[in-house]
1. Could you rank the peptides 121-131, 88-98 by their average count of other C-beta atoms within 10 Å per residue, with the highest value first?
2. In the stretch 54-83, which GluC sites (Glu not before Pro) fall in coil by DSSP and have 14 or fewer other Cβ atoms within 10 Å?
3. Based on the Cβ-Cβ distance from residue 102 to residue 32, what FRET efficiency comes out when R0 is 22 Å, to the nearest 0.05?
4. Restricting to lysine pairs 8 or more places apart or on different chains, what number in the chain have Cα atoms under 21 Å apart?
5. Rounded, prolate or oblate: which fits the chain, taking a ≥ b ≥ c as square roots of the Cα gyration tensor eigenvalues, rounded meaning a/c under 1.5, else prolate when a/b beats b/c?
6. Which of the listed residues, 38, 19, 6, is farthest toward the dipole's positive end in the stretch 6-47, when Lys, Arg count +1 and Asp, Glu count -1 at the beta-carbon?
7. Shape verdict for the stretch 96-152, please, from the Cα gyration tensor: rounded (a/c under 1.5), prolate (a/b greater than b/c) or oblate.
8. Restricting to DSSP H runs of at least four residues, report the calculated mean residue ellipticity at 222 nm for the chain, -39500 (n - 2.57) per run over all residues, nearest 500 deg cm²/dmol.
Amino acid sequence: MSDDPYLTRSLGFLLADVSRLVRKRFDGRARSLGLTRAQWRVLAQLRRREGINQTVLAEILEVETITLGRHIDRLEAKGFVERRRDPGDRRAWRLFLKARVQPVLDRMRSFSDVTRGEALKGIPAAESEALIDHLLRIKANMLELERTGAGDKNPEEANYAKEKSDGG
């Protein structure tokens, strides 16, 4: 790890590093079930949104519809997921979990709980919950900026442009 305080205490770098390390730990466990990270992400979202339109799920996962289609093909082959025609749109598919996947989802939940415990080891419960609350606030802030388009310009670039227009 770098001794540069900018890198070690940078919010962006720190979030990326923590995310990568937690995902890596969880991925190792998920592989024992014969799943890729992409597949367990699909299953996790379907668990929350069963019956979702395939195109909408691709948007949530931020993947191309063709990419999601391949993941669904593999999950269907495992007997975990079922596509059903959308009654309101013959071109669209709705996605449903099959009963056979329930033990896998239960194991994934267990893996998630263990990984969370490892990540938060040594942090009191109240502080862990406060950390989660702060991260949710950061996420909401960033989503709001994305939604409104506010803050798209780099503040330094905006100041430079203003100085130039003011004759500076």
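Taken together, the values in this text are just the output of simple stated rules run on the coordinates, not laboratory data. Nothing here was measured: the structure is a model prediction, and the numbers come from that model. Virtual Cβ from ideal backbone geometry, glycine too; neighbours counted across all protein chains shown.
1. The peptides rank, most packed first, as 88-98, 121-131.
2. Loop-located and lightly packed - 62, 64.
3. 0.80
4. The result is 5.
5. oblate
6. Highest projection toward the positive end goes to 38.
7. Note, shape of the stretch 96-152 comes out oblate.
8. -21500 deg cm²/dmol
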